[in-house]
Amino acid sequence: LIDFALLVTLKTPSMYNLLKCAFATVSAFDLGGGKALQTVNRGPNLAAVTTAVNGEGTATAESNGDESPDLNIRLNVNEKARTVTSICTSGTLCTVSSSDGIEGAPFGSFVDYVLDDEGLPVLLMNEMSMHTMNIRDNNMVTLFAQIGGSSGSENKGQDVSRCSITGSIERIDDKASDMDLIRMRYSIAHSYADQVIDSPKFAFYRVQPKKIYFVGGFGVLAKWVPVEEYKAAAPDILAREANEIVSRLNSDHGEDLFLTAEHLLDCAEVENVRVTAVDRLGLDIRVTKRGPRRNKLITDEFRVGFRIPVISVEDAKSEILKVFQEAWEKCNGYDWGGDTNVPGSTVPILKIAEDSL
């Protein structure tokens, strides 16, 4: 598997031609189940454009009169919600206050949690904590979890994914079938747990969701998630390393990102290019360019998909490397003779949002 450090070495026609041959067979299939991955022959323009601002968009063909491709290059909302709750190990528990003078008011507490096998949050709670006392009178709660950006992450404030799980919270019986698993997971996730986990003043509680709400960030997808579909969804395999990958791409691969924007995304007068997210199906790229009026900037969001879903960080590096390589090839006018598509023409791309700043 190829690391980013090999990018310069592979930027030669002979080396990369060997790489293309090696991946030619596996690239036609979806590793998730053998289904052929549909790609886009874009020609001079983007073949598929979708707008997904405050809701999910529908892909539409833009060139050559092609049918709208069903591009499987974005996580669905169920997977996104499950990813958020899986990455986070703490959040805000909102209970209904039972204290004098503020009865019925919302009361927020910082809490740690883990997930059970169905993705349901499990909390270790002290009987003397205010939120524990609150649920004795009203056990309806909301657990709010939000992905925190790393020190090098650009996603801060409201521009991060978050999830709210609302439902009843119930104490777990000590003889529950999954109690041993819960104790193990909690001890691994929270080092202090071993000191209090056997105390009679502490007990495990599980949230039974009635409604789940997911928000993808500032001004993007926000949607209710069906509880059963959330339970059946799998978190993204790259989730825990995504911030580090995004940070490295933005700090070390500025030239490659500009080539991608100009030659694969067909953007002109580019001022800035940043990767904003990455997952097993692709990466999101934000391009800021000069608008038609003076001092006017246009910001577009693109989804650049991987030809095959990745199953590791190394796989993701390899797929990103191939995107960068094809952008470089197109910039330098390479044509591989027998190939029917020009470099970059089969990279699946969606334009997911557009805004003016």
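The values are calculated or read from the model by the stated rules, or taken from the named source; none is laboratory data. The structure displayed is predicted, hence computed values, not measured ones. With ideal geometry, Cβ positions are generated from the backbone for all residues, glycine too; neighbour counts draw on all protein chains shown. For accessibility, only protein heavy atoms count, side chains too; no ligands or nucleic acids. Shrake-Rupley method; radii C 1.70, N 1.55, O 1.52, S 1.80 Å.
Scan segment 241-287 for residues that are among the small types (Gly, Ala, Ser) and within 17 Å of Trp328 (Cβ to Cβ) and jot them down.
Residues of segment 241-287 that are among the small types (Gly, Ala, Ser), as a first pass: 242, 247, 251, 254, 261, 268, 277, 282.
Answer for segment 241-287, where residues must be among the small types (Gly, Ala, Ser) and within 17 Å of Trp328 (Cβ to Cβ): Gly254, Ala261.
Looking only at segment 117-130, residues that are closer than 27 Å to Glu228 by Cβ and out of contact with any Asp or Glu (no Cβ under 6 Å at 6 or more places or on another chain) come to 8 in all.
Let's see how each residue does on (1) of a type in the set (A, V, I, L, M); (2) touching a residue at least 60 places away in the same chain (Cβ under 8 Å):
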{"site": "Asp266", "(1), (2)": "no, yes"}
{"site": "Leu283", "(1), (2)": "yes, no"}
{"site": "Arg286", "(1), (2)": "no, no"}
{"site": "Gly291", "(1), (2)": "no, yes"}
{"site": "Lys317", "(1), (2)": "no, yes"}
{"site": "Asp335", "(1), (2)": "no, no"}
{"site": "Asn341", "(1), (2)": "no, yes"}
{"site": "Lys351", "(1), (2)": "no, yes"}
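Which residue out of Glu255, Glu228 is outside any strand (DSSP E or B), among the acidic types (Asp, Glu) and under 28 Å from Cys163 (Cα atoms)? The conditions single out Glu228.
Is there a residue in segment 259-269 that is open to solvent by 20 Å² or more (accessible area, probe 1.4 Å), touching a helix residue (DSSP H, G or I) at 6+ places or on another chain (Cβ under 8 Å) and either closer than 30 Å to Gln208 by Cα or part of a strand (DSSP E or B) (or both)? For segment 259-269, residues open to solvent by 20 Å² or more (accessible area, probe 1.4 Å), touching a helix residue (DSSP H, G or I) at 6+ places or on another chain (Cβ under 8 Å) and either closer than 30 Å to Gln208 by Cα or part of a strand (DSSP E or B) (or both): absent.
In this structure, is Gly167 touching a Lys or Arg at 6+ places or on another chain (Cβ under 8 Å) and under 26 Å from Asp279 (Cα atoms)? Reasoning before the result, please.
Values: touching a Lys or Arg at 6+ places or on another chain (Cβ under 8 Å): yes; under 26 Å from Asp279 (Cα atoms): no.
For Gly167, the condition - touching a Lys or Arg at 6+ places or on another chain (Cβ under 8 Å) and under 26 Å from Asp279 (Cα atoms) - is not met.
When Asp236 is tested against (1) modelled with pLDDT under 95; (2) assigned to a loop (DSSP other than H, G, I, E, B), just one condition goes unmet, and that condition is (1). Answer yes or no: is there a residue in segment 198-213 that is small (Gly, Ala, Ser), surrounded by 14 or more Cβ atoms within 10 Å (Cβ to Cβ) and modelled with pLDDT of 95 or more. Yes. Exactly one residue out of Arg307, Arg293 is open to solvent by 10 Å² or more (accessible area, probe 1.4 Å) and more than 22 Å from the chain's Cα centre (by Cα): that is Arg293. Does Val342 qualify as being in a loop (DSSP other than H, G, I, E, B), of a type in the set (A, V, I, L, M) and either closer than 21 Å to Arg74 by Cα or out of contact with any helix residue (DSSP H, G or I) (no Cβ under 8 Å at 6 or more places or on another chain) (or both)? No, not satisfied.
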